[in-house]
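Remarks on the structure that follows.
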Amino acid sequence: MNAPRFSKWPALLVIVRHAESLANRHRDLLRESRRRDTHLNLPTRDVDVPLTDHGRAQARATGRHLRGQCPPFHAAYVSPYERTRQTADLLLAELARPPRERIIEERLREKEFGILEGLTKHGIRALREEEHERKERIGKYYYRPPGGESYPDVNLRVHSFLGTLVREHASENVLVVTHSVVVLCFRRLLERMEEQQVLELDRTDDVKNASLLVYESEPGPGGLARRAWNLAPWETAIDAVNPIS
């Protein structure tokens, strides 16, 4: 009789984008008002941007969903940014049992925007016209702003992190709290997507705040199979608590 073949991957991998941050809210307000501000004018550096009150409610609702739908996590890996730390704190507080390990992982940090950090789309065109033109020429996927990163740069650190999951968490349940571009990079690597597929997702199905990307390992030597994408449990949970009149 053949010996059973075990997967090298985690049994369950749940990837969460941080909940709504102050920067997200500022961008939404600028878009809705059609203002032409050049800067977001946040009071902190990007790494220290906190969640909004709405974001905190999102994180708690997503945690309650995980408590009811997922087995206990063996480990939680969290980007070092304040918005991801806060999301993880609120989410984990809702679980019936905390993970064995909670690790701050720099490879999961936000895509770095270099000299464009803090600028709005209008600000990039108005103040960094040469960079706007270079991005248009190169394309969003491969464009790297001075001092910043491209999508492939982020892919490299996510690829390294996947190696850690294989080495340290085979057949375990792992939670990851990170950022939208990093979530897309997980899909690009685990599903072997190409440039245009990633950009199409970015255009038409942007990663929601406090949403879930869920993979389960397949039997035998297979990889991870996607079970959920852009699932935002808070969309119904918050409306149920605070119905729109």
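Any read-out appearing in this document is the output of simple, stated calculations on the displayed coordinates, not a laboratory observation. Please read all numbers here as calculations on a predicted model, not as lab measurements. No Cβ is skipped: glycine too gets one built from the backbone with ideal geometry, and neighbour counts run over all protein chains shown.
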Practice prompt. Determine the shape class of region 145-202: with a ≥ b ≥ c the square roots of the Cα gyration tensor eigenvalues, call it rounded for a/c under 1.5, and otherwise prolate if a/b is greater than b/c, oblate otherwise.
Written response: prolate
Discussion item. For Cα extents along the principal axes in Å, pick the label among [x] 68, 45, 29; [y] 53, 46, 42; [z] 78, 46, 31 that corresponds to the value derived from the coordinates.
Written reply: [x]
Discussion item. Given Cβ point charges of +1 (Lys, Arg) and -1 (Asp, Glu) and nothing else, what value in debye, to the nearest 20, does the dipole of region 120-237 about its Cα centre take?
Written reply: 180
Worksheet item: Which loop trypsin sites (Lys or Arg not before Pro) in region 154-221, with loop taken from DSSP, have no more than 11 other Cβ atoms within 10 angstrom of their Cβ?
Response: ARG192
Worksheet item: Considering only DSSP beta bridges with both partners in the chain, what is the antiparallel share in %, to the nearest 5?
Response: 50
Worksheet, complete the sentence: When the charge dipole of region 136-243 is computed with +1 at the Cβ of Lys and Arg and -1 at the Cβ of Asp and Glu, the Cα pointing farthest to the positive end, of CYS185, SER150, ALA232, is that of SER150
Worksheet, complete the sentence: Reduced to Cα centres, the span from region 41-112 to region 129-149 in Å works out to 30
Worksheet entry | Assigned charges on the beta-carbon of Lys, Arg, Asp, Glu; region 5-115 dipole about Cα centre (debye) | 380
Fill in: Cβ-based charge dipole, the chain, positive-most Cα from ASN209, LEU127, ASN24
ASN209
